[in-house]
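What follows draws every value from the coordinates through simple rules; no lab data is involved. Only a predicted model underlies this, so the values are computations on that prediction, with no experimental measurement involved. Here the Cβ positions follow ideal geometry from the backbone for every residue, glycine too, while neighbour counts run over all protein chains shown.
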Amino acid sequence: MALKGDLTSVGLADVFQMLALNQKVGILSIFDADHWRALYFDRRGVTLYYNEHVFLDRLLDGLMQRGQLVGENLDVFRRENSGDPIATVESMLGAGVLAEELFLDGFREQMEEDVYDLFLWENVHWEFHEGVDELEGREGVINENFFLSPDSLVMEAARRLDEWAFLREQVPGPLEIYEPDPSIDAGTVSELDDFSLSVLDFVDGRRNVARIIEMSGVTPFHVYKGLSQLVTEGLILPVPDTSLLDMANSCIGEGRVEDGIYLLEKAIQNQVGLPDAYLMAAQGYETQDEYAKAVYHYKLYSNACVEEYEWGLAEGTLSHCVDLLPTDLDVRERWLRVLAQMESPPIDPMEVGRKLIDIFLDLDETDRARQVLETLLQVAPEDIELKKSLVTIHSKAGDQKRVMELYESIAQDLVQQKDPIGAVRYLQKILMLDRTRKDISDRVKQLYVMDERYRSRRRSVALAFAGIFCFGAIGVLFYLYEQHVQSVFRTLDPETFIAERNYDGAIKLYRDFQREYPLSLISGEIDVAIAGIEAKKQEYVAEKKRLAADRRKAAKRNRTLYRRIYAQYEAMSSVGGLDRRIDLERAIDLLEEVAELIEKAGEPQDFNFRKEKEIEAALRDQRNYLVQARSLREKLGAALAAGNFEDARQIAIRMHEEYPHANNTHKTLVPMQFCSQPSGAELWSKGVQLVDDTGKVVRTPAYVQVPYEEVVRFELRMDGYEPLEIATTGKAKSPRRVVLPVRPERVIPLGEEVVTGVAVGQELGVVGLKEGRLLAFSMKDGQAKFRLRLPGLDEVQGTPLVNKDQAVFATSGGLLCALNLKDGKSSWTAQVPGGVQTRILKMSGGAVVGTGSGELRYYSLRDGEPIWTVPVGGAALLPPLSFQDRVWVANREGQLLCVAEDDGEIVDRWELPQGLHQGPILLPESKCAYLLSDGRVQSYSLRERRVLWEKKFDTYGGRGHLLFAQGWLFVADRKGVVYRIDPGKGAIELERALLDPLDGASFASDQRIYVGTQGEDRGPRIVALRVPDLEICWSYSLGKRRGAKAELQGRSVLAEIDGKVHVLR
């Protein structure tokens, strides 16, 4: 079952943390009515689930807009590949028009910006599809090479959200329109950065913010940021409301219809130039074939016309809307209401109304059909058929009051048409609905009397004519006949039937009498008697219906109530993992109340509801749920009491995962183990040192009980190490392993940005600074001894070499220089053909450097004179090394040379495999080891000239190091795993996984190896491991700036961080 929610109640950052902490794998989709985007989560992190064609098209357009691609080249390649963005990218990469590094950087940047943009979405919903890597109906792919850290994304998104609130104060919304301040001079504009200038180019007083985002191809956040900077510096101003309509007319006249529409929308938002702005916007949308938006603004214009009683304009506008969008029924309703108000409408409202009624009835829109009929009734108030149609619709809607009013109106019309009996039928229907209407009962009697008088007059006239011809005998006979009828009539007893509620029997008694004596004048009395019985029958039927209706109302009321209560229960049960604090006992009470109300309602549909929703089974299951949760709680207490913390942890996690809704489960703490390297660190929380039940200080490794979901923070403290703060939850992975950051022996402030490593003498350090400067400083307090600035644009290159009182360094201009550390004066300068490419290697009588022209040069440290030069045979030289009065050097093509120090004679030469990345490292018994660029480590016999063994490691992209200490080889791969290797057999004897991936340089001493990694904050870090067991001794952050340096000098590690030298023993 998919997790669902909306971002109004739960932030996207909370959803990220929930999925990451639970190590969920699947696709998270975020959407509203108009937008949709998806992310893919797995244990490697989070990446974008995207449409590859759309994504690459946007990327190429963005590179072109930023000037990183030539637009003409892009158009040519797109035409050659029929517009296919995937084929276009492959062609451009293959042709060298698009650099791979530029493409990959742009790809990652666009992916990150798409993710950050999600955090700015408002009023949207989310749904997590667990265990899937594609969504049906949503075209998308997952790039396995680009996974992002959820924690880093959340931190950056939080920063952007804080900044977004400020930006929205400066730039309120997407409809805002700005124009450049004409009083700003060109000098002020020239001081802007490139991005602000590119945003300013789009600001012309006609485009709104949404249009600028669309045309620039930049994310909304960065466009808002650029506009905010321009607003703050006073370079752009909001367009005055009084100018909006004129500028819109100008835009539309120039063919910039879309910009003109945006200006009109802004005018409408600010209530400027109404209603003309409505009409102009509608006409603009109509020219763009956006009929729905055009009709919307035509409606607003017609409303304004109606308010001014301009019926003709309103009718013409709405008639045009019907032609534009025939399916818009709201427009037809408005049109009908306007036609009904006109004295001489151009089209018959009855014809329009009848068509609209048929449509609404087909759509089962009875309320809207009723409103149309009411409108038509204003046009034809005496139309009985119209009133009958209204009665049918109002009856379905349950509006008895309006039904009775219509019945009374129909009855009045029938009386005027001299049909009183027809009127009686409709008045009797009123009595069936409301027996308390005595005025209607009186009116019925009056109509019966009226009808009887009318009939009597007709009979009297007939008798008068008959009496003229046969007044005599016939009169006597008829009199006798009438007397007999009267006597028989008085013997009729309908009360017996009435007492038994057999009204049809009483009526049949009178009807049989009428058929037996059809000539009697007593028929009027019989009709009155029958009418009275009919009235009583109708009263009885109405009473039965009322009682049945009361029972149905009571059942409906109970039904509505138990459905509402059940909806509350479902709402409590459907929140899933987002809110575990659910009162299960309250849920059981709700279910019991639902069951009781179902019994009271007592109809089949109610019992079907109980069966469908499995109310009784749910009650039984939830009671068992509470019993099992209590059993687990007892087991948890027993495990804690016995000191079985790992068992207790599993029980506590099971309680939270399987019984999250049991009482007090959310308060249950989860044992979490903390392990530090080195161990023995004290645990602190909120400034208080943690102790166990006996008062003993808690030290790592140790178990601490923490909340399951709430983030808590602990601090690990230990002498000689910096305090380390850890944020965790109970459901996070246990044990929580950390490496304590060592406290530096001292920090030497330099106050300037360093560009080289630090060379250390007896008391002084020497380091290269930016802008071609060299600094000599005291290693005790950082006090500057002297500074030297190189001429021209020359820069210090590589870590200097300190030889007694002399500092030797190379420059980017191809010089090798020496300074006297006592007075800072130049000792000598030597020009190195091809420039210095490698580090400076100190030998017994001089210094050796590798050059950019593929040579190895040996210089005298006394006067800088070149002693010998040896061509190596390749420009890409690896750092040379010294061993037994020999200089060993290799290039990346695999050539290894051994050169005598005294005369530069090549003692021997070997052909190693091409692609040397690091090494060689010289081993005993005339062996060496080296690391190749494809990740292979080989051991090579210099005597036998063959590879002895080979081992493959993951060093993709050149991220790997090969080290040697105490007779072992050590390899650090790009994922941060360090291996100890037997140099003789090549067997892996030991491996240690660090907490972070490899990043930066690594080096070794006789007791330690030091590995450069990338910390959780994505900044460089150095980790020290003990030789030979690879136990982690300490770690140290080199700040967040990329390129921070650390290297071994004697018995100390020197780390340069933000203009300071940190000395780590």
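Which lysines have a Cα less than 23 Å from the Cα of Lys611, not counting those fewer than 8 places away in the same chain?
Output for Lys611: Lys553, Lys556, Lys600.
Apply the a/c threshold of 1.5 to the C-alpha gyration tensor of the chain and tell me whether it is rounded, prolate or oblate.
Prolate, because a/c is 1.5 or more and a/b exceeds b/c.
Would you please give the residues with an amide H less than 5 Å from that of Asn803, counting only those at least 5 places away or on a separate chain, with H modeled from the backbone geometry?
Val808
Let's test the formula: R0 of 45 Å, r as the Cβ-Cβ distance of Val449 and Ala554. What FRET efficiency results, to the nearest 0.05?
E between Val449 and Ala554, to the nearest 0.05, is 0.65.
Classify segment 483-567 as rounded, prolate or oblate, taking a ≥ b ≥ c as the square roots of the eigenvalues of its Cα gyration tensor: rounded when a/c is under 1.5, otherwise prolate if a/b is larger than b/c and oblate if not.
Values: a/c = 5.86, a/b = 4.47, b/c = 1.31.
Since a/c reaches 1.5 and a/b is larger than b/c, the shape of segment 483-567 is classed as prolate.
Just to confirm my numbers, what's the Cα centroid distance between segment 908-949 and segment 1008-1024 in Å?
27 Å
To the nearest 10 degrees, how steeply does helix 400-416 sit against the main Cα axis of the chain, on a 0 to 90 scale?
Roughly 40 degrees, rounded to the nearest 10.
With charges set only on the Cβ (+1 for Lys and Arg, -1 for Asp and Glu), what does the dipole of segment 585-642 come to about its Cα centre, in debye to the nearest 20? Write out the running numbers ahead of the final one.
Working: 10 positive and 13 negative charges, 92 e Å.
The calculation lands at about 440 debye.
When a footprinting reagent is the concern and you count Cβ atoms within 10 Å, what order do Val742, Val132 take, fewest first?
Val132, Val742
Going by how many other beta carbons lie within 10 Å of each one, how would you line up Thr436, Thr756, fewest first?
Lowest to highest Cβ neighbour count: Thr436, Thr756.
Pairing the Cα long axis of helix 244-253 with the longest principal axis of the chain, what angle in degrees results, from 0 to 90 and rounded to the nearest 10?
So the helix axis and the longest Cα principal axis differ by about 80 degrees.
With runs of 4+ DSSP H residues as the only contributors, calculate the mean residue ellipticity of the chain at 222 nm using -39,500 (n - 2.57) per run, divided by the residue total and rounded to the nearest 500.
So the helix-based figure for the chain works out to -14500 deg cm²/dmol.
What is the dipole size for the chain, taken about its Cα centre, with +1 at each Lys and Arg Cβ and -1 at each Asp and Glu Cβ, in debye to the nearest 20?
Dipole size: approximately 3920 debye.
Stokes-Einstein at 25 °C, 0.890 mPa s, Kirkwood radius from Cα pairs: D for segment 3-170 in µm² s⁻¹?
Answer from the Stokes-Einstein relation: 141 µm²/s.
In segment 746-791, which trypsin sites (Lys or Arg not before Pro) fall in coil by DSSP and have 13 or fewer other Cβ atoms within 10 Å?
Passing both the DSSP loop test and the Cβ count: Lys770, Lys780.
Working from Cα positions, state the angle (0 to 90°, nearest 10) between the long axis of helix 420-433 and the longest principal axis of the chain.
50 degrees
Filter the trypsin sites (Lys or Arg not before Pro) in segment 1-94 to those in DSSP coil with at most 15 other Cβ atoms within 10 Å of their Cβ, and list the result.
Here the trypsin sites (Lys or Arg not before Pro) that fit, given the DSSP loop and packing criteria, are Arg43, Arg44, Arg66.
Over the chain, what is the relative contact order in whole percent, taking alpha-carbon pairs under 8 Å and six or more residues apart?
Relative contact order comes out at 4 percent.
Taking other Cβ within 10 Å of each residue's Cβ, how do Val25, Val338, Val758, Val1027 sort, fewest first?
Details: Val25 15, Val338 24, Val758 27, Val1027 19.
Exposure proxy ranking, most exposed first: Val25, Val1027, Val338, Val758.
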